[in-house]
1. For segment 152-201, how many residues meet the condition of being in contact with a Phe, Trp or Tyr (Cβ under 7 Å, 6 or more places away or on another chain), among the basic types (Lys, Arg) and in contact (Cβ under 8 Å) with a residue 60 or more places away in the chain?
2. When you go through (1) open to solvent by less than 50 Å² (accessible area, probe 1.4 Å); (2) touching a residue at least 12 places away in the same chain (Cβ under 8 Å) one by one for Ala17, which number turns out not to apply?
3. With respect to Leu84, determine if the residue is open to solvent by 30 Å² or more (accessible area, probe 1.4 Å) and either in contact (Cβ under 8 Å) with a residue 60 or more places away in the chain or assigned to a loop (DSSP other than H, G, I, E, B) (or both).
4. When the residues of segment 87-96 are narrowed to those that are over 15 Å from Val57 (Cβ atoms) and open to solvent by 10 Å² or more (accessible area, probe 1.4 Å), which ends up modelled with the lowest pLDDT?
5. Given the structure, is Met78 out of contact with any Ser or Thr (no Cβ under 9 Å at 6 or more places or on another chain), surrounded by 18 or more Cβ atoms within 10 Å (Cβ to Cβ) and not polar (S, T, N, Q)?
6. Any residue in segment 246-267 that's farther than 12 Å from Val119 by Cβ: show its pairings with residues that are open to solvent by less than 10 Å² (accessible area, probe 1.4 Å) and among the aromatic types (Phe, Trp, Tyr) at Cβ separation under 7 Å, as long as the two are six or more apart or on different chains.
7. Within segment 154-175, how many residues are within 18 Å of the chain's Cα centre (by Cα) and either of a type in the set (A, V, I, L, M) or in a helix (DSSP H, G or I) (or both)?
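The values are calculated or read from the model by the stated rules, or taken from the named source; none is laboratory data. The structure displayed is predicted, hence computed values, not measured ones. Here the Cβ positions follow ideal geometry from the backbone for every residue, glycine too, while neighbour counts run over all protein chains shown. Surface areas here come from the heavy atoms of the whole protein model, side chains and all, with no ligands, DNA or RNA. Shrake-Rupley method; radii C 1.70, N 1.55, O 1.52, S 1.80 Å.
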Amino acid sequence: MDKARGHKLIKSFLARAGALLLVLVVLDVTLGAGLDYVSSRITSGEAGRDNYISDSVVSDVLIMGSSKAFRHYNAQMMTDSLGLSCYNCGEGACGILLAYSRLLMIGERSYPSHIIYEVTPIYDYLIFDETQRALGRMKLHYGRHAAIDSLLWQVDATQRYKMWSSLYRHNSSCLMDLITYFFRSPEQEAVRGFLPFQGSFDPMRTQHDAPVQYDRSMGYQYDTLKIRYFNRFLDLAQSHGSKVTMVVSPVWYGQDTLVMDFVKDICKRRDIKLLDFSNAPKYVHHDEYYSDGIHLNATGADEFTRDLIDTLRRQGIF
């Protein structure tokens, strides 16, 4: 009697567990599909810009890289001055991994004639844990761009299993996406992908004696994953006829020149131009051009863009 009752309880438990699992699966698929619909149709704010870059942008010149790319390169000014369409694809707290994924998606339509890449060592080849930020952007395009699916698994093998959950793809962005979709983003809209920081720099909030952005005393630790995709990015661009120019925009502190040795070597081997403004006397410790120690403000971004255009022309790059 007790044995039969035990079997009955086990069957009841398994039935309830199975029913609960089925409900969770249905909820995951249904809610995930709804969030897929919402996120893919956002046209404003950060998510709208990401969608446009991934699904629509076609441009002669692409600017790519970290927040310094996003905030420092006035794409409209470059379009007007160079006579070529230009779009800014930079992204805050991201580097080569996201840039590579975006170039793959853009390349499904058309590769640019020229790529200007803003080099940020911590995001492009040094060890620094920002991978999840890039993955968070990439996974929103899972299933919409074939190249992204396998790329996610290559960067993080666990993504192959995590992506079974439709809700997981939106776990870091669903609330903001819903707000943006139904109420429109309150933030200032980017112009050709460019959105400068506003305001002015308060030098009292940083060290006047900080000579470099990177500390060489412990030696530079290189990230093999980022270096692999740095080379893949260049392979992809050059194999499709895109000319690449590497640029380092100004830094209030200036920057240790040795941290650029990795890039200098790659540029030399691949015959790529490297334009380094990080220690330009015009910008180092000139507070009026900055919003903080790393980023230019709107005035600084416009001034830098003008200097960049002049340099590109003077060196025969455009």
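1. Within segment 152-201, the first condition is being in contact with a Phe, Trp or Tyr (Cβ under 7 Å, 6 or more places away or on another chain), and the residues that meet it are 152, 159-160, 162-163, 169, 192-195, 201.
Filter again for among the basic types (Lys, Arg), leaving 160, 162, 169, 192.
If we keep only those that are in contact (Cβ under 8 Å) with a residue 60 or more places away in the chain too, we end up with 169, 192.
Matching residues across segment 152-201 total 2.
2. With respect to (1) open to solvent by less than 50 Å² (accessible area, probe 1.4 Å); (2) touching a residue at least 12 places away in the same chain (Cβ under 8 Å), Ala17 is out only on (2).
3. Working: open to solvent by 30 Å² or more (accessible area, probe 1.4 Å): yes; either in contact (Cβ under 8 Å) with a residue 60 or more places away in the chain or assigned to a loop (DSSP other than H, G, I, E, B) (or both): yes.
Against the criterion (open to solvent by 30 Å² or more (accessible area, probe 1.4 Å) and either in contact (Cβ under 8 Å) with a residue 60 or more places away in the chain or assigned to a loop (DSSP other than H, G, I, E, B) (or both)), Leu84 qualifies.
4. Of all residues in segment 87-96, those over 15 Å from Val57 (Cβ atoms) come to 92-96.
Checking which are open to solvent by 10 Å² or more (accessible area, probe 1.4 Å) leaves us with 92-93.
On the way: Gly92: 93, Ala93: 90.
My answer is Ala93.
5. Details: out of contact with any Ser or Thr (no Cβ under 9 Å at 6 or more places or on another chain): no; surrounded by 18 or more Cβ atoms within 10 Å (Cβ to Cβ): yes; not polar (S, T, N, Q): yes.
The answer is no for Met78.
6. Listed by first residue and then by second, the contacts come to Pro250/Tyr283; Pro250/Phe304; Trp252/Tyr290.
7. Of the residues in segment 154-175, 4 are within 18 Å of the chain's Cα centre (by Cα) and either of a type in the set (A, V, I, L, M) or in a helix (DSSP H, G or I) (or both).
Residues checked against (1) in a helix (DSSP H, G or I); (2) touching a residue at least 12 places away in the same chain (Cβ under 8 Å); (3) basic (Lys, Arg); (4) closer than 18 Å to Gly193 by Cβ:
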{"position": "Thr79", "(1), (2), (3), (4)": "yes, yes, no, yes"}
{"position": "Arg102", "(1), (2), (3), (4)": "yes, yes, yes, yes"}
{"position": "Ile115", "(1), (2), (3), (4)": "no, yes, no, yes"}
{"position": "Leu135", "(1), (2), (3), (4)": "yes, yes, no, no"}
